[in-house]
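Here's the structure we're looking at; comments come further down.
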Amino acid sequence: MSTATLPQPTATLDQLELNYPGQAPVLRGLSWQLLPGQVVGLLGRNGAGKTTLLEALLGLREPQAGQVRLFGQAAAEIDDATRARIGYVPQQSDLFEGFTPAQLLSYFKSFYPRWNEAKVEGLMSRWDIARDKPIAKLSGGQQQRLSIIRALAHEPDLLVLDEPVASLDPAGRRDFLRELVDQVLDRGTTVVFSTHILSDLERVAFNLAFLQAGRIAVQAPLDELIEQVRSVQGSAAEVQALTQACGAQVLRSHALDGGQERRLIRLPADAAAATAALDERLQAVNLEDLFMELT
Ligand code: ADP
């Protein structure tokens with residue numbers, strides 16, 4: 001197949017190593033790719049390095065080793081035109097608190113060649129944000145929504161959101177995320193959002209990326225993972241033989257007492273694997289199991 005026919009990745013991260021001074025490494029040889037139109041939920045426990053990874057992805061934090069490319073350019077050196085293709089909602093929004101939302105948006109509008117006023121107005125109404133109240137007086141959730149509107153207004157091709165629904169109540173989180181994603185889907189925007197809350201992901205993230213021990217352990221659509229990932233337990237020899245017979249990839253393994261082993265394996269996507277999946281020694285897993293094992 002000719003590589004010329006493949007779309008250019010939105011972002012490519014290659015062998016990133018990153019640590020803060022005097023601390024254990026956060027990213028350890030992490031490689032990752034985001035393709036146009038992908039919606040990816042980045043899952044990891046608190047402190048796993050999600051924020052660090054998103055900052056490195058955007059060229060805001062320099063890794064000690066490895067490369068990040070955004071739209072084909074080195075992330076640390078992107079030009080203004082490329083920067084205008086990115087929308088970023090950091091965990092702690094740096095909104096100017098003395099401004100009103102109307103002032104803030106008109107200020108940012110001046111920086112971007114493209115600005116979708118109709119979208120901004122529609123979202124301001126729908127998400128119920130007062131235009132002329134000082135930002136400092138808006139609730140945490142409203143400030144977060146305003147920050148998201150700001151990041152959507154210039155119609156980015158890559159939208160990066162760090163815990164975008166952290167300030168919303170649990171009931172509102174998932175529906176809000178769903179709507180957020182709907183806002184960008186028709187444009188083929190690449191979306192990455194981090195979370196440590198599983199319910200955020202149901203019906204929202206088409207792809208899940210699990211950040212574990214400084215690397216992306218697995219990335220795949222949730223339904224594919226549910227279909228292909230199995231847990232298997234038995235004597236080490238039996239588990240090994242079964243893994244081999246299925247042609248499965250080992251995602252995690254735990255040695256247990258008495259020569260027993262428990263493994264999380266991923267079956268290949270073919271007919272033989274579908275038959276293998278019927279073996280009763282292979283246990284299906286759910287999203288919670290995946291999170292426990294892969295983050
Ligand atoms: P997450 O977003 O998954 O909660 P972070 O990327 O915020 O994880 O943090 C990863 C690790 O790096 C944590 O151990 C955290 O304490 C540490 N860390 C994050 N930011 C800094 C910083 N600016 N200086 C030093 N250590 C940091």
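Worth pointing out:
- A search for C-beta distances below 9 Å between a residue of the stretch 166-194 that is within 14 Å of residue 40 (Cα to Cα) and any residue that is assigned to a loop (DSSP other than H, G, I, E, B) and of a type in the set (Asp, Glu), counting only pairs 6+ apart in sequence or on different chains, returns 184/155; 188/157; 189/155; 189/157; 190/157; 193/163; 194/163.
- Exactly one residue out of 217, 271, 241 is modelled with pLDDT under 95, small (Gly, Ala, Ser) and in contact with a helix residue (DSSP H, G or I) (Cβ under 9 Å, 6 or more places away or on another chain), and it is 217.
- Residues in the stretch 188-214 that are of a type outside the set (S, T, N, Q), crowded, with 17+ Cβ neighbours inside 10 Å and more than 30 Å from residue 280 (Cβ to Cβ): 11 in all.
- The set of residues in the stretch 36-72 that are away from the ligand (no atom under 15 Å from the Cβ), in a loop (DSSP other than H, G, I, E, B) and within 12 Å of the chain's Cα centre (by Cα) contains only 38.
- Top-ranked residue of the stretch 182-203 - restricted to ones that are within 16 Å of the ligand (Cβ to nearest atom) and in a helix (DSSP H, G or I), ranked as nearest to residue 10 (Cα to Cα): 200
- Within the stretch 73-98, tally of residues that are more than 16 Å from the ligand (Cβ to nearest atom) and touching a Leu at 6+ places or on another chain (Cβ under 8 Å): 8
- Matching entry among 208, 159 (being within 16 Å of the ligand (Cβ to nearest atom) and at pLDDT 85 or above): 208
- Picking from residues in the stretch 80-110 that are without any contact (Cβ under 8 Å) to a residue 40 or more places away in the chain, farther than 23 Å from residue 141 by Cβ and not aliphatic (A, V, I, L, M), the one that is surrounded by the fewest Cβ atoms within 10 Å (Cβ to Cβ) is 110.
- Among the numbered conditions (1) more than 16 Å from the ligand (Cβ to nearest atom); (2) buried (at least 22 other Cβ atoms within 10 Å of the Cβ), the only one that residue 33 does not meet is (2).
- The stretch 163-186 - residue that is charged (D, E, K, R) and surrounded by 19 or more Cβ atoms within 10 Å (Cβ to Cβ) and, of those, modelled with the highest pLDDT: 163
The values are calculated or read from the model by the stated rules, or taken from the named source; none is laboratory data. Since the model is a prediction, treat every value here as computed from it, not as a measurement. We place every Cβ from the backbone using ideal geometry, glycine too, and count neighbours over all the protein chains shown.
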